[in-house]
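Notes follow once the structure below has been shown.
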Protein chains: 2
Amino acid sequence: MSFFEAHRAMLERAVSTCRSRTYWSAFPEAASGKIYGETAKADGEAAFKAMLGKPFELDQPAQGRAGKETSPYGIALGITYPTGSADSFVEASRKAGEGWAAASIEDRVGVCLEILQRINRQSFLMANAVMHTTGQSFMMAFQAGGPHAQDRGLEAVAYAYDEMTRVPGTAEWSKPQGKGDPIVLDKQWRIIPRGVSLVIGCATFPTWNSYPAIFASLATGNSVIVKPHPGAILPLAISVRIARDVIKEAGFDPNVLLLVADDADKPLAKDFVTNPGVAMIDFTGGPAFGSWVRENAATDLVFTEEAGINPIVIDSTNDFRGMCANVAFSLSLYSGQMCTAPQNIFVPAGGIATNDGPKSFDEVAAGIGSAIDKLLGDPDRAAGILGAVQNEATAARVVAARKLGRIVRDSGPAPVTGFNDARTASPLVLAIDVADESAWGEERFGPISFVVKTANTVESIARAAESTKRKGAITASLYSTDDKVIDQAADAFARAGVALSVNLTGGIYVNQSAAFSDYHVTGANPAGNACLTDAAFVANRFRIASFRRQRAA
Amino acid sequence: MSFFEAHRAMLERAVSTCRSRTYWSAFPEAASGKIYGETAKADGEAAFKAMLGKPFELDQPAQGRAGKETSPYGIALGITYPTGSADSFVEASRKAGEGWAAASIEDRVGVCLEILQRINRQSFLMANAVMHTTGQSFMMAFQAGGPHAQDRGLEAVAYAYDEMTRVPGTAEWSKPQGKGDPIVLDKQWRIIPRGVSLVIGCATFPTWNSYPAIFASLATGNSVIVKPHPGAILPLAISVRIARDVIKEAGFDPNVLLLVADDADKPLAKDFVTNPGVAMIDFTGGPAFGSWVRENAATDLVFTEEAGINPIVIDSTNDFRGMCANVAFSLSLYSGQMCTAPQNIFVPAGGIATNDGPKSFDEVAAGIGSAIDKLLGDPDRAAGILGAVQNEATAARVVAARKLGRIVRDSGPAPVTGFNDARTASPLVLAIDVADESAWGEERFGPISFVVKTANTVESIARAAESTKRKGAITASLYSTDDKVIDQAADAFARAGVALSVNLTGGIYVNQSAAFSDYHVTGANPAGNACLTDAAFVANRFRIASFRRQRAA
């Protein structure tokens, strides 16, 4: 059975769920031995440990090695990866792309699905790799770096398949000519890819944020060069190795997918971005380099997810404790290092109405602060939520931010059992007036948030929407018992191009973005110029070549 | 009945035909009194004449008037149009766009369909307007400027509708939680437009080439500013006036659609292209200004159709006369001023095999030359095919081109009955060696073509594909009786991103591109960065805003 036939049911379910946007997951998120095999956890850890301190085996053309990753949990990985110059990699990619471009839609899509399936089987290895590059806790690294990322990859394959199969392979075009014979043309169409696709990954979600682009480009016939963040190479190196095996098995040149590793002190990204042989670029990372990429890329086809300042507007609630607990979790999860984590919590100066009676501004701020303390009261539980801090600069930013407002809840260390040198920081919460926009109006990446005092909810919504338009936002959140306020916020945040969550109090958080249902990023504000999970994300990765032939009379 | 319901059947047929790509036309191409009304022809001409020498009535904000169109048939139109500055127009457009953005998909699409229907009723007026701006013959102006353009507009509406309705309005997302209650979120999505859309038209096909962009942008909720070529304002002014009436009737601010006219000696396009309030740009025109637009636009979202040099490869034929006649017509139609007209005809030095026995290179060239003479032998028939030459520069180019090779068939005047001052030029055909690439390797817009002598068909295909990659091409054509050659050409031209027609000998020509079936432009070579008629052309004109709300327990 072909790869395509083997995975056809999964693909069809993915295509239909992308349209219904109801709940579904192809790859189980439970890190369970019953699903992944009783020894999977131990095997994954052993496989990870066996990689440490060694050259990573990857059979690709290279002119040297790079790689200086250190775990945020305090261990040096000591892994190096084969790498090379933009000119040589782009040429190898272009060459390999010829055969890939000529393959059928089903052959390419089948290969993509098989890659995802095999990556899924390595989810425990991936969990270790993601944990020790991003600083995510083990459980989060398993889920977000494993099955959730795989679901996002599958989603991109589903969109690509759906989009490509909208173009019929053939048609008989018969134009009536009054009483005469019709003019008949036999027409054929084929998908032609753009060429070499460059995917630049980020340090915090190397797989989740890159799989959509990698699989969208592969499925539509492009060859792909993956340039991971120098701090998080391993998860993508493992992914590329698995993928190359499948590509080769299917009879294609494995250079259809290449990994280019680099070091922070010897970066290669700019060489690739400006290489005229690169047909399109996907970038996830900070807005500084993001805008450089947009402005300097040799190609006009650039998809970015950059960053933003995500707002929460608190107007009123009928579950004050649930609200505070929910917000506390959102601020704590992965120490605020998610692109979907909130930064600014807008609360009226006059306080809010709640099921526990009126709460003043200070009481709301304190409620969130103590919910964080409660959530993180148990150190092991805290470590499982917070993880570690990916980047030294983020840790320094937390310290510097303490001067920006009145400290509602201070940041502190968050020890991780077994990792004495882990770089950690629990959430810092500051109270501030809305006038101090120089503080809250900039992105403060990491576990830093502001409770921002506004005149009223109208001002809260206005300022939150305004900062979204100016600096970008991927998520917004609202708490209100008033349907009129909810409608106003829905309008304002839709216009600002940000996804809005309302009255989250239970086990679902504004940070979470579910594959097949939640569109991730809108492309309609500075947080990114594209949505990672819609038709536009794939439709322009290929073009359509036409052939028509007059039928002999 | 709403506009949407009134036109629903037409829309659904358009959507399904875009997927089957079989023959269909919504708007009849026959300039027949039985279809358009017995007095339609006379009414259209009278309405056109009544416009001459007067200010064009268009109730839109303006700070002055522009317009100096002269007919290629030798009469000055003397019509002026209200116009204004980029700042004021962009602001008026932005403001009007707010209500338009908030309308339902059905309301907007219904308005677009009604506009097309009303424009269709004015097809005879449009024929006169297109004829006396572009220089097309009356019949071509009727068809290409009228029903064919309307079909292309409908096609864009169909793609937009299909694309927007792939996003569900609502979904219940219910995630199982083992034995506990599922987490349930009520989700909603809405289409959010990009904002102000600028459409820059061309002088040769003001409606056909601009309707796809205008209707794709309008349907997806954007407000649109139309900037016609200063030489062909009237057809778009009539379109905008009809559209504004419908928009107003439907209860929207008519400034959702604005016309900005300018004069060649006082151009306004650059002001609009660089205005930061413009969210996207569609450009049709020459590559010089096209590349300026791509490089200087304030927005990254730019769709262009520029120009190219379209090749014909002649390898062999079993209908020599039919082939020569077909090529002759393609070279003659609208005096070679179509973006789909061939320029270079590659023929092997050793000649070709035909049903009439072997034909030498010179015999093939002569065959095409005499087929042109025959086609244009009757002056009235000639005028109906050739029309007039839109631009003085094109006429001068024909004269200058005579030195570029051996004249196979010389260009000459082509008088038009009733228009003594018409600017005309019949096709110039030159024979040339493939080595003289400085001659054939550049775009020579107008009735100028080269019969290019190559070593063999392999070289013909290679050079034709190569020039396509370098300079762009929208169409390619092949004559061959050898399926292997056809397959090789199909591969080569698909890789070069150009639509290929094979063995056209009857009443269908390489220049023709049929709505709902032929993709126009691929976006995969320098002839343009977008296809005017695919999903990617509409999918990025809007974004998706998400709203999710936790269901109360």
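Here are the numbers for this structure:
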item	result
Qualifying residue in segment A:173-191 (condition: within 30 Å of A:Asn128 (Cα to Cα) and in contact with a Ser or Thr (Cβ under 6 Å, 6 or more places away or on another chain))	no
Any hit, segment A:192-211, residues being crowded, with 24+ Cβ neighbours inside 10 Å, over 21 Å from the mean Cα position of the chain (by Cα) and assigned to a helix (DSSP H, G or I)	no
Single unsatisfied condition, A:Phe252 versus (1) crowded, with 22+ Cβ neighbours inside 10 Å; (2) not in a loop (DSSP other than H, G, I, E, B)	(2)
Segment B:532-553, subset more than 8 Å from every other protein chain (Cβ to nearest Cβ) and surrounded by 24 or more Cβ atoms within 10 Å (Cβ to Cβ), residue farthest from the chain's Cα centre (by Cα)	B:Phe542
Residue that is closer than 30 Å to A:Tyr519 by Cα and either aromatic (Phe, Trp, Tyr) or not in a helix (DSSP H, G or I) (or both), where the choices are B:Tyr81, B:Tyr161, B:Tyr73	B:Tyr161
Residue in segment A:503-523 that is over 18 Å from the mean Cα position of the chain (by Cα), closer than 15 Å to A:Ala464 by Cα, free of Cβ contacts under 8 Å to residues at least 12 places away in the same chain and at the interface with chain B (Cβ under 7 Å from one of its Cβ atoms) present	no
Only one of A:Gly497, A:Gly472 that is more than 9 Å from chain B (Cβ to nearest Cβ), surrounded by 24 or more Cβ atoms within 10 Å (Cβ to Cβ) and closer than 27 Å to A:Ser438 by Cβ	A:Gly472
Tabulated pairs, segment A:124-137, first outside any helix (DSSP H, G or I), second surrounded by fewer than 24 Cβ atoms within 10 Å (Cβ to Cβ) and of a type in the set (Lys, Arg), C-beta under 8 angstrom, 6+ apart or interchain	A:Gly135/A:Arg423
Given (1) surrounded by fewer than 22 Cβ atoms within 10 Å (Cβ to Cβ); (2) farther than 30 Å from A:Asn503 by Cα, index of the condition A:Asn318 fails	(2)
Criterion: surrounded by 15 or more Cβ atoms within 10 Å (Cβ to Cβ), touching a Pro at 6+ places or on another chain (Cβ under 6 Å), under 20 Å from A:Asn511 (Cβ atoms) and of a type outside the set (Lys, Arg) - qualifying residue of A:Asn391, A:Asn344	A:Asn344
The lone exception for B:Tyr334 - which of (1) part of a helix (DSSP H, G or I); (2) within 21 Å of B:Thr522 (Cα to Cα) it fails	(2)
Residue tally, condition of a type in the set (Val, Ile, Thr), farther than 15 Å from B:Gln337 by Cα and surrounded by 14 or more Cβ atoms within 10 Å (Cβ to Cβ), over segment B:395-430	3
Failed item, numbered, when A:Ala464 is tested on (1) surrounded by fewer than 24 Cβ atoms within 10 Å (Cβ to Cβ); (2) away from chain B (no Cβ under 14 Å); (3) of a type in the set (A, V, I, L, M, F, W, C)	(1)
Count - residues of segment B:20-48 that are in contact (Cβ under 8 Å) with a residue 24 or more places away in the chain and not in a loop (DSSP other than H, G, I, E, B)	8
A:Ala492 vs. criteria hydrophobic (A, V, I, L, M, F, W, C) and surrounded by fewer than 21 Cβ atoms within 10 Å (Cβ to Cβ)	no
Helices (runs of 4 or more DSSP H) contained entirely in segment B:446-553, each with at least 3 residues that are at pLDDT 95 or above and either assigned by TED's automatic domain parsing to the domain that holds B:Ser217 or hydroxyl-bearing (Ser, Thr, Tyr) (or both)	B:457-471, B:535-539
Yes/no for B:Ala237 being crowded, with 20+ Cβ neighbours inside 10 Å and either within 14 Å of chain A (Cβ to nearest Cβ) or of a type in the set (A, V, I, L, M, F, W, C) (or both)	yes
Index of the failed condition, B:Thr70 passing every other in (1) over 23 Å from the mean Cα position of the chain (by Cα); (2) at pLDDT 95 or above	(1)
Given (1) out of contact with any helix residue (DSSP H, G or I) (no Cβ under 8 Å at 6 or more places or on another chain); (2) under 23 Å from A:Ser467 (Cα atoms), index of the condition A:Asp421 fails	(2)
Within segment B:162-201, tally of residues that are under 20 Å from A:Val15 (Cβ atoms), more than 9 Å from chain A (Cβ to nearest Cβ) and among the small types (Gly, Ala, Ser)	1
Tally of residues being touching a residue at least 60 places away in the same chain (Cβ under 8 Å), more than 13 Å from chain B (Cβ to nearest Cβ) and not in a strand (DSSP E or B) across segment A:287-313	5
Hits in segment A:75-91 (condition: surrounded by fewer than 16 Cβ atoms within 10 Å (Cβ to Cβ) and either touching a strand residue (DSSP E or B) at 6+ places or on another chain (Cβ under 8 Å) or of a type in the set (A, V, I, L, M, F, W, C) (or both))	A:Ile75, A:Ala76
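Matching residues to (1) of a type in the set (Lys, Arg); (2) surrounded by fewer than 15 Cβ atoms within 10 Å (Cβ to Cβ); (3) modelled with pLDDT under 95:
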residue: B:Glu5; (1), (2), (3): no, yes, no
residue: B:Arg8; (1), (2), (3): yes, no, no
residue: B:Thr17; (1), (2), (3): no, no, no
residue: B:Glu38; (1), (2), (3): no, yes, no
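The values are calculated or read from the model by the stated rules, or taken from the named source; none is laboratory data. This is a predicted model, so every value here is computed, not measured. Backbone-built Cβ (ideal geometry, glycine too); neighbour counts: all protein chains shown.
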